[in-house]
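First the structure, in the form of structure tokens, and then the observations on it.
The values are calculated or read from the model by the stated rules, or taken from the named source; none is laboratory data. Nothing here was measured: the structure is a model prediction, and the numbers come from that model. Counting neighbours? That spans all protein chains shown, and the Cβs are built from the backbone with ideal geometry, glycine included. The accessibility values were calculated without ligands, DNA or RNA, using every heavy atom of the protein model including side chains. Shrake-Rupley method; radii C 1.70, N 1.55, O 1.52, S 1.80 Å.
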Amino acid sequence: MHSVTVERRRVRVRGRVHGVGFRPFVYGLAVELGLSGWVLRDAAGVVADAQGPTAALDAFVRRVVTDAPATAAVDAVSVASLDPVPGTGFTIADEESASAPPAPDLAPCDGCLAELTDPGDRRYGHPFVACSACGPRFSFGPPPEPCTACRAERDDPDGRRYRAPWITCDTCGPAVELVGADGTASASGAQAVARARELVAEGEVVAVKGVGGYQLVCDATDPDAVGRLRERRQRGDAPFPVLVPDLDAAREVAEIGIAEADLLASPRRPVVLLRPREGSALASLVAPGAGRIGVLLPPSPLHVLLHGRVGDPPGPQALVLAGAAIGGAAVVTDDEDALRRLSGIADAWLRHDHPIAVPCEDSVVEVVDGEPLPVRRSRGEAPLPIALPFDVDPVVAAGGDVRNAFCVAQGHQAWLSAHVGDMDDIATQRAFARAVDHLQELVRVEPRRLVVDRHPLYRSARGAQEAADEGGMSLARVQHHHAHIAAVMAENGHDGRVPVVGIAFDEAGHGDDTAVWGGEVIVTDYDDYERLAHLAYAPLAGGDATVRRPYWMALAHLHAAGVPWTEDLPCVGVAPVGERSVLSHQLSTGLACVPPSSMGRLVDAVASLAGVCHVAGYAGQAATELQALAEQALRQGADAEPGAYPLPLVAPASESGPLEWDVATLVRAVVADVRARVPAPVVALRFHRGIAAAAVRVALHARARYGLDVVALSGSVFGDALLLSLTTRGLREAGLRVLRHRRVPPNDGGLALGQVAVGALRRQAAVRLDELVTPRGA
């Protein structure tokens with residue numbers, strides 16, 4: 001008879017393992033294998049101390065990965081051997097690290113969906129069915145007191161709802177009601193959901209209180225309904241996302257690859273940007289001129305019920321699901337506020353009485369070259385931590401004023417907030433302040449440093465010194481484009497010991513020379529940067545108003561390039577004669593002009609020069625439509641046609657200054673094509689190719705001059721999938737390593753992570769920047 005060897009092992013699991021039922025899963029696995037010990041969570045993941053026969057422990061370590069819950073994602077497992085100790089049984093330990101982070105909001109799992117649609121289940125039709133592996137956690141406020149049956153499930157270690165405080169049923173859960181504009185309820189419970197579905201089918205617009213805030217819903221196949229919603233929201237041609245019940249329905253409206261299908265069906269349930277399928281039933285006004293439609297599957301049981309269950313009257317299978325964030329402000333979460341602010345937009349309100357603790361809109365992502373590119377990081381992602389490649393003191397970074405998201409960090413962990421909104425709205429500023437307090441409390445970080453953008457007028461930085469003094473914190477201000485590049489470095493695990501070539505293309509950021517930067521190449525680590533090159537300055541008249549009038553920027557670039565304003569150019573033809581006179585005087589004298597080096601404004605100018613977009617009804621419209629036309633040219637075979645606009649890199653006026661891209665040469669080439677009646681899609685494609693080629697040339701110049709072979713791409717202009725793909729491909733073909741965004745957006749939604757990296761990290765690099773960026777042979 002052989003004796004059985006007993007071992008003890010400490011197993012640490014890192015990844016998406018918080019709030020997804022991972023500890024109950026580990027508990028069940030250990031009991032099945034006859035192991036003793038315990039499991040608990042800490043800030044980095046889940047820790048299990050397991051003891052038993054060697055074969056059982058081997059199976060335990062293997063199955064922790066292979067059998068993990070579908071909503072989990074295991075990134076790494078480490079195992080350490082320990083001396084055996086006396087003990088029997090396996091437990092889920094009550095002790096939890098004070099810094100254990102909260103979980104994000106997750107879509108209903110298969111088990112909960114089965115209960116939702118099973119007439120024999122006590123949670124049949126319950127709009128908030130959830131378990132330990134799914135449900136809203138981050139955005140919802142404290143859960144209601146559970147009924148006896150729900151409490152029993154929460155206390156059952158063998159059940160699906162063990163230690164899940166957010167679970168409810170119809171007895172103890174939130175109450176749902178449908179109300180009119182006067183706030184009077186016309187239906188409640190299942191009847192409220194059914195009636196809301198009927199209203200949508202009849203062409204009405206219903207405001208639905210979702211997981212992280214109100215959303216506006218209408219039939220995406222009804223042109224009149226979509227048109228009314230668009231007119232009422234007054235957002236121009238801004239694309240609307242579309243909610244469909246499953247992947248089969250998604251394939252009927254869009255082209256979907258394997259990576260896109262995985263994202264759509266993931267527990268995060270992001271909006272995935274896809275190419276629309278020709279001949280689909282979607283109304284053309286859902287996403288006019290965009291070249292992409294945003295598609296998502298139901299993020300909550302309530303959204304599942306909006307499509308109806310088996311046996312329900314048929315309703316629209318494609319629904320517009322637009323966040324109720326008016327004018328770029330934070331999404332509406334309060335019921336009375338929703339009645340007031342959405343009056344005149346919604347015809348009815350489907351709401352519940354569970355408070356929303358923090359606004360949390362849908363995440364938005366696109367697949368580029370087979371890899372995810374976040375556009376907005378919010379529901380399903382926040383507040384999952386991002387691992388830092390270095391250690392930081394407790395810090396909070398405020399982010400920017402557009403697409404704001406802030407960041408709280410400590411040690412090797414950075415918690416980026418959900419998308420907040422544009423900070424020019426007082427409601428957004430209040431939501432920002434509440435969200436900062438909420439996230440700090442959740443992750444239990446008491447910051448000792450506050451980091452803000454260097455722009456003197458940013459609202460996110462307003463009162464920064466007073467706030468720092470009041471909170472006993474030091475204050476750091478970080479240059480905008482340095483933060484962009486630091487963000488992509490940090491999320492890619494680059495420790496900064498060797499600088500990178502950072503290419504930051506966006507709309508605007510406060511430059512060191514007080515000019516508006518935005519077409520920047522910097523040689524940088526986390527501590528310092530040197531401006532290597534930038535777009536040549538062109539005068540901008542009109543300030544922020546130019547953002548809404550791309551033709552103003554086109555006229556400015558024509559002036560800078562010495563091209564007369566003649567009527568054969570589309571941007572000139574749309575400008576009123578009196579307006580032209582005023583602009584000409586301003587540009588000639590420099591009166592009330594600022595000098596931008598902005599790639600975003602150059603994109604606007606080219607869009608107007610080509611006759612694509614002269615007045616923008618929503619942020620980024622000119623860029624979106626220019627990209628769509630360039631991709632159209634590719635699909636129509638223009639890929640084989642040679643052509644890329646020149647963007648020469650020229651020596652600076654002063655010996656010590658940065659290099660400049662000669663934008664005037666590019667503008668004159670565009671003008672020549674427009675006058676030759678080259679189709680706008682070809683102009684758009686040649687522009688994209690020209691910018692990508694210019695980025696490659698400057699990177700090769702940096703490698704030859706400084707020996708650097710890592711190039712980091714960031715800034716909102718690299719949210720253009722075609723430009724990102726062309727640039728990445730060109731850099732890699734040239735033998736350069738490329739860092740680009742996969743977890744945080746390239747736009748200002750990722751800025752706060754870079755602020756943390758620059759403002760909270762203060763160490764001596766192994767190779768100092770001023771030592772490295774000495775020209776070879778100097």
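Got a number for residues in segment 233-269 being among the small types (Gly, Ala, Ser) and closer than 20 Å to residue 70 by Cβ?
So in segment 233-269, the residues among the small types (Gly, Ala, Ser) come out as 236, 238, 249-250, 254, 257, 259, 261, 265-266.
With closer than 20 Å to residue 70 by Cβ added as a condition, the list becomes 250, 259, 261, 265-266.
Final tally of qualifying residues: 5.
Quickly run through segment 596-611 and pick out the residues that are open to solvent by less than 30 Å² (accessible area, probe 1.4 Å) and either in contact with a strand residue (DSSP E or B) (Cβ under 6 Å, 6 or more places away or on another chain) or part of a loop (DSSP other than H, G, I, E, B) (or both).
Residues satisfying the conditions are 596, 597, 598, 599, 600, 610.
Please find, within segment 489-507, the residue that is farthest from residue 657 (Cα to Cα) out of those that are hydrophobic (A, V, I, L, M, F, W, C) and buried (at least 23 other Cβ atoms within 10 Å of the Cβ).
490
Determine whether segment 717-731 contains at least one residue that is surrounded by fewer than 24 Cβ atoms within 10 Å (Cβ to Cβ), basic (Lys, Arg) and not in a helix (DSSP H, G or I).
no
Take the conditions touching a strand residue (DSSP E or B) at 6+ places or on another chain (Cβ under 7 Å), over 14 Å from residue 332 (Cα atoms) and of a type in the set (D, E, K, R) and apply them to residue 444. Does it pass?
For residue 444, the condition - touching a strand residue (DSSP E or B) at 6+ places or on another chain (Cβ under 7 Å), over 14 Å from residue 332 (Cα atoms) and of a type in the set (D, E, K, R) - is not met.
Test residue 273 against the stated conditions and say whether it is modelled with pLDDT of 95 or more, open to solvent by 40 Å² or more (accessible area, probe 1.4 Å) and closer than 25 Å to residue 742 by Cα.
yes
To keep it simple, each residue is scored yes or no on (1) of a type in the set (S, T, N, Q); (2) in a strand (DSSP E or B).
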{"residue": "9", "(1), (2)": "no, yes"}
{"residue": "29", "(1), (2)": "no, no"}
{"residue": "37", "(1), (2)": "no, yes"}
{"residue": "65", "(1), (2)": "no, no"}
{"residue": "78", "(1), (2)": "yes, yes"}
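State which residue is nearest to residue 77 (Cα to Cα) when the search covers only segment 22-45 and only residues that are open to solvent by 10 Å² or more (accessible area, probe 1.4 Å) and among the small types (Gly, Ala, Ser).
Ranking the qualifying residues of segment 22-45, first place goes to 44.
Among the residues of segment 523-565, how many are more than 22 Å from residue 589 (Cβ to Cβ) and among the polar types (S, T, N, Q)?
Initial filter on segment 523-565 (more than 22 Å from residue 589 (Cβ to Cβ)): 523-535, 547-548, 550.
Going one step further and asking which of them are among the polar types (S, T, N, Q), we end up with 524.
Adding up the residues that qualify gives 1.
Please count how many residues of segment 147-166 are open to solvent by less than 20 Å² (accessible area, probe 1.4 Å) and either over 28 Å from the mean Cα position of the chain (by Cα) or at pLDDT 90 or above (or both).
Residues in segment 147-166 being open to solvent by less than 20 Å² (accessible area, probe 1.4 Å) and either over 28 Å from the mean Cα position of the chain (by Cα) or at pLDDT 90 or above (or both): 2 in total.
Among residues belonging to segment 47-71 that are touching a residue at least 60 places away in the same chain (Cβ under 8 Å) and open to solvent by less than 40 Å² (accessible area, probe 1.4 Å), point out the one that is nearest to residue 269 (Cα to Cα).
Here the residue is 71.
Does segment 130-145 contain at least one residue that is part of a loop (DSSP other than H, G, I, E, B), open to solvent by 10 Å² or more (accessible area, probe 1.4 Å), modelled with pLDDT under 90 and over 15 Å from residue 354 (Cβ atoms)?
Yes, segment 130-145 contains at least one residue that is part of a loop (DSSP other than H, G, I, E, B), open to solvent by 10 Å² or more (accessible area, probe 1.4 Å), modelled with pLDDT under 90 and over 15 Å from residue 354 (Cβ atoms).
I'd like the full set of residues that are among the acidic types (Asp, Glu) and either open to solvent by 40 Å² or more (accessible area, probe 1.4 Å) or outside any loop (DSSP other than H, G, I, E, B) (or both), limited to segment 170-226.
170, 177, 182, 198, 202, 204, 219, 224
Out of (1) within 20 Å of the chain's Cα centre (by Cα); (2) open to solvent by 20 Å² or more (accessible area, probe 1.4 Å); (3) basic (Lys, Arg); (4) over 22 Å from residue 451 (Cα atoms), the odd one out for residue 743 is which?
The number of the failed condition is (4).
Counting only residues that are modelled with pLDDT of 90 or more and charged (D, E, K, R), which one in segment 620-643 is most open to solvent (accessible area, probe 1.4 Å)? It would help to see each step written out before you state the result.
Filtering segment 620-643 for residues modelled with pLDDT of 90 or more gives 620-634.
With the extra rule that they be charged (D, E, K, R), the set shrinks to 625, 631.
Details: 625: 25, 631: 9 Å².
Among those that are modelled with pLDDT of 90 or more and charged (D, E, K, R), it is 625.
Among 591, 587, which is over 27 Å from residue 699 (Cβ atoms) and exposed (fewer than 14 other Cβ atoms within 10 Å of the Cβ)?
Just one listed residue meets the conditions, 591.
State whether one or more residues within segment 549-565 are of a type outside the set (Ser, Thr, Tyr), more than 24 Å from residue 510 (Cβ to Cβ) and surrounded by fewer than 16 Cβ atoms within 10 Å (Cβ to Cβ).
Checked against the condition, which is being of a type outside the set (Ser, Thr, Tyr), more than 24 Å from residue 510 (Cβ to Cβ) and surrounded by fewer than 16 Cβ atoms within 10 Å (Cβ to Cβ), segment 549-565 yields at least one hit.
Looking for something farther than 23 Å from residue 629 by Cβ and either out of contact with any helix residue (DSSP H, G or I) (no Cβ under 8 Å at 6 or more places or on another chain) or part of a helix (DSSP H, G or I) (or both) - is there at least one such residue anywhere in segment 239-246? Full working, then the answer.
Initial filter on segment 239-246 (farther than 23 Å from residue 629 by Cβ): 243-246.
Pick out the ones that are also either out of contact with any helix residue (DSSP H, G or I) (no Cβ under 8 Å at 6 or more places or on another chain) or part of a helix (DSSP H, G or I) (or both) and you get 246.
Yes: segment 239-246 contains one or more residues that are farther than 23 Å from residue 629 by Cβ and either out of contact with any helix residue (DSSP H, G or I) (no Cβ under 8 Å at 6 or more places or on another chain) or part of a helix (DSSP H, G or I) (or both).
With respect to residue 289, determine if the residue is open to solvent by 10 Å² or more (accessible area, probe 1.4 Å), in contact with a Cys (Cβ under 9 Å, 6 or more places away or on another chain) and touching a residue at least 40 places away in the same chain (Cβ under 8 Å).
The answer is yes for residue 289.
Residues are listed down the side, and each one gets a yes or a no for (1) more than 21 Å from the chain's Cα centre (by Cα); (2) open to solvent by less than 90 Å² (accessible area, probe 1.4 Å):
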{"site": "435", "(1), (2)": "no, yes"}
{"site": "444", "(1), (2)": "yes, no"}
{"site": "461", "(1), (2)": "yes, yes"}
{"site": "482", "(1), (2)": "no, yes"}
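For the list (1) open to solvent by less than 40 Å² (accessible area, probe 1.4 Å); (2) modelled with pLDDT under 90, I need the number of the one condition that residue 76 fails.
(1)
When both residues are 6+ apart or on different chains and their Cβ atoms are under 6 Å apart, which pairs have a first residue that lies in segment 22-45 and is closer than 18 Å to residue 442 by Cβ, and a second that is buried (at least 21 other Cβ atoms within 10 Å of the Cβ) and β-branched (Val, Ile, Thr)?
Every condition considered, the pairs that remain are 45/13; 45/17.
Kindly establish whether residue 476 is more than 23 Å from residue 694 (Cβ to Cβ), touching a residue at least 12 places away in the same chain (Cβ under 8 Å), under 28 Å from the mean Cα position of the chain (by Cα) and surrounded by 23 or more Cβ atoms within 10 Å (Cβ to Cβ). Full working, then the answer.
Values: more than 23 Å from residue 694 (Cβ to Cβ): yes; touching a residue at least 12 places away in the same chain (Cβ under 8 Å): yes; under 28 Å from the mean Cα position of the chain (by Cα): yes; surrounded by 23 or more Cβ atoms within 10 Å (Cβ to Cβ): no.
No: the conditions fail for residue 476.
Out of (1) closer than 25 Å to residue 414 by Cα; (2) touching a helix residue (DSSP H, G or I) at 6+ places or on another chain (Cβ under 9 Å), the odd one out for residue 50 is which?
Single failed check for residue 50: (1).
Among the numbered criteria (1) at pLDDT 95 or above; (2) not in a helix (DSSP H, G or I), which single criterion is violated by residue 690?
Every condition holds for residue 690 apart from (2).
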